[in-house]
Amino acid sequence: MNEKSCSFHNENELRDGQVASVPAGNSPPYDKDNSALLAFRGIPISELKNHSILQALTSEANGWAPGVVSPEVLRAQEEWEAVDSIQPETGSRTSSDQPGQLISFSEALQHFQTVDLSPFKKRIQPTIRRTGLAALRHCLFGPPKLHQGLREERDLVLTIAQCGLDNQDPVHGRVLQTIYRKLTGSKFDCALHGDHWEDLGFQGANPATDLRGAGFLALLHLLYLVMDSKTLLMAQEIFRLSHHHIQQFPFCLMSVNITRIAIQALREECLSRECNRQQKVVPVVNSFYAATFLHLAHVWKTQQKTIADSGFVLKDLEVLAKKSPRRLLKTLEIYLAKVSKGQTSLLGAQKCGGAPAPHSKDLTFTGVCDLPPHSSEGTWVV
């Protein structure tokens, strides 16, 4: 488009009254620039960037030099130039806007039963090694040994605890997404890294960094808790308690510590009697984890515990859980039976206050691994 055509458009528009008249006392704008600007009418905005007139206006021509450019113009120019450079984010988000399919505990467990876990199985220590009087006392007064036919299932549980979180594994990603959606009530998937995991009670943006001492078994336990219809309500109540404005605690991190207790109880053969009775290992470990979490939540709520008490609460909880696993399992059974009939609630009439309270990054959580070991042999997970 040349200057004549620009002037032609300008004259026609002035003649038709489409351009407002210049107020008295103000000098009219320069005709060439005004006509060039008017020529943009009717041109799609997507074409403006490559239009010859825009290029002419943004280049130094006819000895004209630009004056001081306002910050608003510079910001707009940066945004405009960034239009062609926007790329879809990859890696940390799911590949589709559509929500993925939730995964059940049995499906996730089957995944680990079918993949090669031999490198991880080499690391496990199925039982605690005892010597001297400790070995004699355990032999005379300790729990029975696990039946031979159940040891492979026990080893699978301990092997999964050696596996880390792999975001490249679709099954691992589905487990994380399922936990997130069931706890938050979201209908959509979320990024596998991000601050939203802190809202669930992880310490950082990457859940993998909080699985020390429990491995992927910690996530399987959370999956069991939210996907089992009998324990989902309990999980949601504990999750609400964890966001209490005074008694808040990191829900997922607390859960990881309870998984560590379950692993240690299994290795110390504290669960052998119940496993032998039920002729199963995985369901017993799952129920023991849920029962221990329920007891912790009850103590936390009724005794007005706060994050400063976390280490001591977990220490006492581990001692009780190993000493009386059957008692905890019976309490869980009674609680779930009452919940199914609507007769009880963990939080009762307590209100945890409208919107969930954000977890303060200044709060210090003491877990099982952070406490000094006590006199019992091999009790603390490293």
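The values are calculated or read from the model by the stated rules, or taken from the named source; none is laboratory data. Just so you know, these numbers come straight off a predicted model, no measurement behind them. As a convention, Cβ positions derive from the backbone with ideal geometry for all residues, glycine included, and neighbour counts pool all protein chains shown. These area figures cover heavy atoms from the full protein model, side chains too; ligands, DNA and RNA do not enter into them. Shrake-Rupley method; radii C 1.70, N 1.55, O 1.52, S 1.80 Å.
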Exercise. Taking the condition under 15 Å from the mean Cα position of the chain (by Cα) and more than 15 Å from PHE105 (Cβ to Cβ), does ALA214 pass?
Worked result: no
Exercise. Regarding VAL171, is this residue of a type outside the set (Asp, Glu) and open to solvent by 10 Å² or more (accessible area, probe 1.4 Å)?
Worked result: yes
Exercise. Hey, does the stretch 199-222 have a residue that's in contact (Cβ under 8 Å) with a residue 40 or more places away in the chain, open to solvent by 20 Å² or more (accessible area, probe 1.4 Å) and farther than 26 Å from LEU117 by Cα?
Worked result: yes
Exercise. Taking interchain pairs and intrachain pairs at least six residues apart, which have beta carbon atoms under 7 angstrom, with the first residue in the stretch 154-180 and without any contact (Cβ under 8 Å) to a residue 60 or more places away in the chain and of a type in the set (D, E, K, R) and the second in a helix (DSSP H, G or I) and buried (at least 19 other Cβ atoms within 10 Å of the Cβ)?
Worked result: ASP166/HIS172
For this session: Out of the residues in the stretch 264-295 that are basic (Lys, Arg) and within 17 Å of LYS323 (Cβ to Cβ), state the one that is most open to solvent (accessible area, probe 1.4 Å).
Result: ARG273
Seminar exercise, completed: Restricting attention to the stretch 223-232, the residues that are assigned to a helix (DSSP H, G or I) and either of a type outside the set (Val, Ile, Thr) or in contact (Cβ under 8 Å) with a residue 60 or more places away in the chain (or both) number exactly 5
